[in-house]
1. Could you calculate the FRET efficiency of Tyr61 with His184 from 1/(1 + (r/R0)^6), where r is the beta carbon distance between them and R0 is 35 Å, rounded to 0.05?
2. Find how many whole Å separate the alpha carbon centroid of the range 53-93 from the alpha carbon centroid of the range 94-163.
3. Given R₀ = 41 Å, FRET efficiency for Trp147-Ala80 by Cβ-Cβ distance, to 0.05?
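What follows draws every value from the coordinates through simple rules; no lab data is involved. On a predicted model such as this, the values are computed, not experimentally measured, just so you know. Heads up, the Cβs are rebuilt from the backbone with ideal geometry, glycines too, and the neighbour counts pull from every protein chain shown.
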Amino acid sequence: MKRTTFAMAFAALLVFGFTARAQAQAPAPWELNLHIGALFLDSGDGGESDTDPMYGVRLGYNMPSGFGFGGNFDYVQSDADLDGDDIDVSTYLYSGEINYTFATSNPLQIFLLAGIGAATTSYSDLPEGFDDSFTDLMIPIGGGIKWVSPGSSWGFRGDVRDNIILVDDVLDPDEGDRDTEAFHNIELSGGVSFFFGS
C-alpha cells in the first residue's frame, strides 16, 4: 500500500513536470522551508508499518537552470515495544540533495530530488547490554510541488519522499547470517518556504 501510494504520487509529479512550459524559476535563489508531516516507517517484516509525526527544516539554493542543492534535517518521535515495555525512539534524518525544478509560467512548480545522508535512531531506557543509538546510511528520493506567492518572497511546499535507510547487521532468518537491508520509509510533508538572496 505504502509503495503504491509513493509510486502513484511520484508518477503524477513526473507527468506534471514533463508537461510544464519552460519560463521563470523562483526569483530568489535561497529557500528556507519549515515543514511538518508523517513518516510511514517500514517495519521490515511485512507487518503493519508505523506512522509517526515528523518535524523538519530544509535550506536550499535554486539556480536559474532549474538545478539546485540543499540540506535537510528532520526529527521523528515514536515508540517501540520491547518485551512488553514501551520505549521512546527518536529518529534524526539528515541529508544533502540535488534537485531539479521544472520551469513554468504559473506559480506552481514541480521538482524532483535525490540525495545522500544518514539516519540516527536513539532508544531510551534500554536494558543494560543493548546499544542505545545507531546511525545508518540514508538515500532520499522523491519530488514535490512548490507554490510561490505573487510577491515571490514566500510560498508553500509539499514533498513526497522515499527515505531509504540501509540498515547493517540485520539477521537473515533464511540463511542464518547478517546482511544489509533497505527499509523504505515514506515521507509526506508540507510547510512554508521563504525565498531570499540575489
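1. Numbers: r = 28 Å, r/R0 = 0.80.
Here the calculated transfer efficiency is 0.80.
2. First find each Cα centre; the distance between them is then 7 Å.
3. Details: r = 37 Å, r/R0 = 0.90.
With a Förster radius of 41 Å, E is 0.65.
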